[in-house]
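Data block below; observations after.
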Amino acid sequence: MKYDFAAIETKWQKKWEQTKPYAAVTGDKRPKFYGLIEFPYPSAAGLHVGHPRPFTAMDIICRKKRMQGYNVLNPIGFDAFGLPTENFAIKNHIHPSIVTKQNIENFTRQLKMLGYGFDWDRVVDTTDPKYYHWTQWIFLQMFKHGLAYKTTMPVNWCTSCKCVLANEEVVEGVCERCGAPVIRKEKSQWMLRITKYADRLIDDLDDESLDYIERVKTQQKNWIGRSTGTEVTFKTNTEDDITVYTTRVDTLFGVTYTVISPEHPLLKKWQPLIRNWDEVAAYQAAAARKSDFERGELNHDKTGVRLSGIEVVNPANGKTVPMFVSDYVLMGYGTGIVMGVPGHDQRDWDFATKFGIPIVEVVQGGDITKEAFTLKDDTGIMVNSGFLNGMTVKEAIPAMKKYAVEQGWGHEKVNYKLRDWVFSRQRYWGEPIPMIWCEKCGWVPVPEDQLPLVLPQVESYEPTDDGESPISKMTDWVNTTCPCCGAPAKRETDTMPQWAGSSWYYLRYMDPHDDKLPVSREAEEYWGPVDWYNGGMEHTTLHLLYSRFWHKFLYDIGVVHTKEPYAKRTSHGMILGQNPHYVGNAKTEEEKQALIEKYGSQALRPAVKMSKSLGNVVNPDDVVKAYGADTMRLYIMFIGDFEKVAAWSDDAVKGCKRFLDRVWNLMDQAADGDEISEKNAPSVHKAIKKVTEDIDELKLNTAIAALMTLVNEFYANGLTKGDLEALMLLLSPFAPHMVEEMWELTGYAAKTGKMAMQMPWPEFDEGKMTASTVEMAVQVLGKLRGTVTVPVDSEQEVVVAEALKNEKVARFVEGKQIVKTILVKNKLVNLIVK
RNA sequence: GCCGGCGUGGUGGAACAGGUAGACACAGGGGACUUAAAAUCCCCCGGCAUUGCGCCAUACGGGUUCGAUUCCCGUCGCCGGUACCA
């Protein structure tokens with residue numbers, strides 16, 4: 001009988017649809033396991049082969065957990081608000097809600113086609129008012145707790161599209177879509193005070209119960225960017241003192257100037273005192289015109305203007321130094337004013353060199369005529385620094401800090417790179433922010449019993465010329481009355497960013513139909529926290545940080561009972577496509593040269609990111625059609641180390657199909673006998689151990705290799721039905737459709753009354769894993785000279801005696817003395833001769 | 001620049017509390033079965049020497065060790081994140 005994957009997969013998918021073997025039961029007595037994958041954005045292009053990698057891995061983990069007796073929650077949903085859908089809708093003149101509905105239907109079809117064991121009764125869709133009701137509710141709680149506020153701040157403004165862009169939409173200083181320059185524009189925006197949680201977001205990462213891969217923790221910490229330094233106050237010749245922030249207070253004696261950011265409000269106040277005001281004002285205006293890109297990434301050339309008439313006094317030595325305005329000082333970090341220590345900070349060195357400012361050495365160890373000496377370790381000794389002279393930098397920092405505190409002009413200060421979260425988007429396809437502006441009462445929340453505040457239907461959802469959300473044109477909707485005083489008032493027309501809906505969706509899966517709370521206490525206490533969350537590296541900073549922040553807030557207001565949302569976080573690597581311009585494909589030297597000339601370093605890579613323009617996109621539909629879902633699942637796991645990038649290969653897929661064919665054909669060869677055969681016992685038990693452990697460690701590629709090895713053994717040794725039964729159970733999480741069909745055909749379904757996926761996971765017996773003899777390596781002076789077969793656990797004398805019988809070994813030992821013998825039990829013996 | 005990570009056959013990749021490098025697979029070669037092809041089954045497959053009994057091989061150069069892909073120091077190259085954060 002042939003392995004007819006198409007018919008088999010359709011048959012079993014239908015059966016699972018009807019019998020719902022993947023339903024999660026809240027409150028069940030079995031131990032719970034909540035396995036989560038990042039829900040997809042339902043794009044018009046459909047599922048990409050990148051999706052099945054994490055989805056299949058988590059599906060396998062969850063299937064094994066079910067067989068091990070766990071009550072498993074393995075949910076799926078759709079992160080459906082956002083720009084791509086809105087842009088698609090604008091281009092094709094279809095309402096975003098219709099586009100979304102179609103895309104979700106297509107994704108659902110594809111996900112079911114791949115045989116995932118999702119609980120389809122718990123699907124979450126972020127654009128469903130029943131869902132965003134609670135997204136809005138959480139926002140209101142944040143507002144009530146002082147975590148949401150509105151403020152004016154610069155945003156990215158596309159000069160051609162005339163609209164506000166998210167940072168991700170600005171690529172190298174121009175608009176991602178139209179290529180026009182992007183400038184900064186002041187706009188009033190809703191903000192979330194994530195900075196208030198900065199310390200907890202860092203410190204809780206070190207909790208022992210939190211199992212995140214190391215690079216994720218590091219990235220979170222770097223993003224928050226906590227640094228401990230000192231704030232130092234300098235007196236000036238004006239009525240205002242200035243304060244600077246520094247992490248190198250030890251270098252205070254090396255200060256030769258100070259710099260103020262062009263946006264600093266003090267400049268305006270000092271206008272009458274600044275003798276070259278015209279020059280300064282011109283510099284300010286020029287800086288404001290520059291995009292962040294010009295100011296930062298592109299151009300590190302230092303510019304600036306000296307403030308004529310302003311002088312400041314270094315509190316450490318009483319010396320008077322000048323002040324400059326320069327855009328290398330950021331208003332948003334520290335105090336917006338820095339002290340210039342050109343001897344020991346490269347940026348300051350560049351600036352001082354350009355403006356002819358003196359450079360003073362206060363830490364010995366470098367050559368400050370060539371570059372700044374910035375080392376912070378013990379190699380530098382303090383000089384030209386009064387009472388600090390002779391100390392190392394490490395000693396000088398606390399000494400100076402202590403002195404500054406005593407003198408009353410300095411104190412320790414912690415700073416963060418993390419800024420508050422810009423939460424407004426002037427776009428249509430997002431959750432309306434449920435706030436009302438009243439001239440008398442200010443910002444008033446929409447009463448909770450009026451939630452959800454449904455996104456109104458508009459005629460045009462294109463961005464408006466003035467940069468306001470398209471909803472602002474809906475005067476019927478915008479004009480309302482103040483819930484507080486009843487006076488005429490206006491609704492907020494900004495919507496939330498795409499990050500909003502994804503910040504708490506994992507909670508909704510626990511209790512998806514609740515209409516009183518985002519999640520009931522009962523469901524959350526049973527299912528929380530997520531036991532295992534896998535997602536892409538591209539989400540390890542923002543999404544992870546945002547959702548951890550929301551979760552901590554919900555913890556504070558008593559909605560959830562854990563401090564962290566996810567107990568364990570892993571990440572998968574991207575799937576790359578074959579590079580059509582790879583030099584390796586070239587037949588002749590000339591062709592090679594031509595490719596390198598045309599595509600540069602791109603031509604040197606065998607695999608690159610899939611893209612339509614390169615024509616290397618693989619569609620899961622095509623793979624499933626040609627080889628079946630089980631082959632697709634197997635291949636995407638076999639492709640390589642789960643955490644690393646991997647290149648798709650059409651050829652290699654065939655190998656996985658061949659393997660499944662070989663498994664299928666074993667049905668004809670299995671001899672009677674319900675037990676695991678004695679001959680195969682060591683192989684079977686080793687395979688059980690390997691597959692069990694590898695799934696837990698996310699090493700799905702070697703788990704599959706172990707199954708392939710087992711099948712090869714069966715072909716070599718023959719097998720019983722009992723051997724085949726063990727193989728079917730081990731393969732069931734990987735190739736569920738085929739295994740269920742085999743389970744039925746071999747009579748196990750009738751005998752047990754269960755599907756294979758409902759059987760207990762096989763247990764291995766350590767005692768049955770080893771044969772009676774073992775092959776050991778024999779080394780002479782550390783070099784392999786032969787192998788011997790000896791009884792398991794043989795003593796040294798036995799192994800050595802046997803080893804010396806080996807002709808080759810004997811030759812290398814001949815005429816020499818064995819001075820030492822190293823034995824690694826059942827593995828090798830190393831003879832040291834002289 | 002800074003912070004992570006990685007460099008193993010023609011290819012994807014195994015093996016790292018130091019212990020037979022190249023599991024498993026793809027591509028390639030040979031054979032069996034076929035009128036033939038596909039499919040299937042069996043064998044070979046790092047390099048150089050030789051016709052098996054040797055030498056060299058885990059980016060490169062050192063070190064520790066009986067023994068290093070694995071640990072340490074240095075160099076080169078690639079990938080990801082981040083970037084005038086004082």
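Counting the residues of the range A:113-123 that are part of a helix (DSSP H, G or I), of a type outside the set (A, V, I, L, M) and buried (at least 18 other Cβ atoms within 10 Å of the Cβ) gives 1. When A:THR335 is tested against (1) part of a loop (DSSP other than H, G, I, E, B); (2) touching a residue at least 12 places away in the same chain (Cβ under 8 Å); (3) on the phi > 0 side of the Ramachandran plot, just one condition goes unmet, and that condition is (3).
Answer yes if at least one residue in the range A:693-706 is within 14 Å of RNA strand B (Cβ to nearest atom), assigned to a helix (DSSP H, G or I), of a type in the set (A, V, I, L, M, F, W, C) and more than 21 Å from A:PHE638 (Cβ to Cβ), and no otherwise.
Just the residues of the range A:693-706 that are within 14 Å of RNA strand B (Cβ to nearest atom), to begin with: A:693-706.
Filter once more, so that each one left must be assigned to a helix (DSSP H, G or I): A:693-696, A:700-706.
With of a type in the set (A, V, I, L, M, F, W, C) added as a condition, the list becomes A:695, A:700, A:703-706.
Imposing the further condition that a residue be more than 21 Å from A:PHE638 (Cβ to Cβ) reduces the set to none.
No: the range A:693-706 contains no residue that is within 14 Å of RNA strand B (Cβ to nearest atom), assigned to a helix (DSSP H, G or I), of a type in the set (A, V, I, L, M, F, W, C) and more than 21 Å from A:PHE638 (Cβ to Cβ).
Considering only residues in the range A:797-809 that are within 13 Å of RNA strand B (Cβ to nearest atom) and out of contact with any helix residue (DSSP H, G or I) (no Cβ under 8 Å at 6 or more places or on another chain), the one that is least open to solvent (accessible area, probe 1.4 Å) turns out to be A:VAL799. Residue check: is A:HIS561 outside any helix (DSSP H, G or I), open to solvent by less than 50 Å² (accessible area, probe 1.4 Å) and not hydroxyl-bearing (Ser, Thr, Tyr)? No; evaluated as a whole, the condition is false for this residue.
Would you point out the residue of the range A:761-792, among those that are away from RNA strand B (no atom under 13 Å from the Cβ) and open to solvent by 80 Å² or more (accessible area, probe 1.4 Å), that is nearest to A:GLU678 (Cα to Cα)? Only one residue tops the list, namely A:LYS768.
Is it the case, given these coordinates, that A:SER472 is among the polar types (S, T, N, Q), more than 16 Å from RNA strand B (Cβ to nearest atom) and either over 28 Å from A:THR26 (Cα atoms) or surrounded by fewer than 22 Cβ atoms within 10 Å (Cβ to Cβ) (or both)? Quick ask: steps written out before the conclusion?
Details: among the polar types (S, T, N, Q): yes; more than 16 Å from RNA strand B (Cβ to nearest atom): yes; either over 28 Å from A:THR26 (Cα atoms) or surrounded by fewer than 22 Cβ atoms within 10 Å (Cβ to Cβ) (or both): yes.
Here the answer is yes, as A:SER472 does meet what is asked.
Conditions tested, residue by residue: (1) touching a residue at least 60 places away in the same chain (Cβ under 8 Å); (2) of a type in the set (Phe, Trp, Tyr); (3) in contact with a strand residue (DSSP E or B) (Cβ under 6 Å, 6 or more places away or on another chain).
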site	(1), (2), (3)
A:GLY390	no, no, no
A:ILE397	yes, no, no
A:GLN407	yes, no, no
A:ILE436	no, no, yes
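Filtering the range A:590-613 to residues that are under 26 Å from the mean Cα position of the chain (by Cα), more than 11 Å from RNA strand B (Cβ to nearest atom) and open to solvent by less than 60 Å² (accessible area, probe 1.4 Å) leaves A:MET610, A:SER611.
For beta carbons closer than 7 Å, sequence separation of 6+ or different chains, a first residue in the range A:483-494 that is over 19 Å from A:SER472 (Cα atoms) and a second that is open to solvent by 10 Å² or more (accessible area, probe 1.4 Å) and hydroxyl-bearing (Ser, Thr, Tyr), the qualifying pairs are A:ALA487/A:THR481. Residue by residue through the range A:249-284, note down the ones that are part of a helix (DSSP H, G or I) and either within 16 Å of RNA strand B (Cβ to nearest atom) or touching a Phe, Trp or Tyr at 6+ places or on another chain (Cβ under 6 Å) (or both). A:VAL249, A:ASP250, A:THR251, A:LEU252, A:PHE253, A:GLY254, A:PRO265, A:LEU266, A:LEU267, A:GLN271, A:TYR283, A:GLN284, listed by residue number.
Considering only residues in the range A:484-508 that are in a loop (DSSP other than H, G, I, E, B) and in contact with a helix residue (DSSP H, G or I) (Cβ under 8 Å, 6 or more places away or on another chain), the one that is nearest to A:ASN74 (Cα to Cα) turns out to be A:TRP504.
The values are calculated or read from the model by the stated rules, or taken from the named source; none is laboratory data. Keep in mind that this is a model prediction, so the values were computed, not measured. So basically every Cβ, Gly included, is an ideal-geometry build from the backbone, and we count neighbours across all protein chains shown. Surface areas here come from the heavy atoms of the whole protein model, side chains and all, with no ligands, DNA or RNA. Shrake-Rupley method; radii C 1.70, N 1.55, O 1.52, S 1.80 Å.
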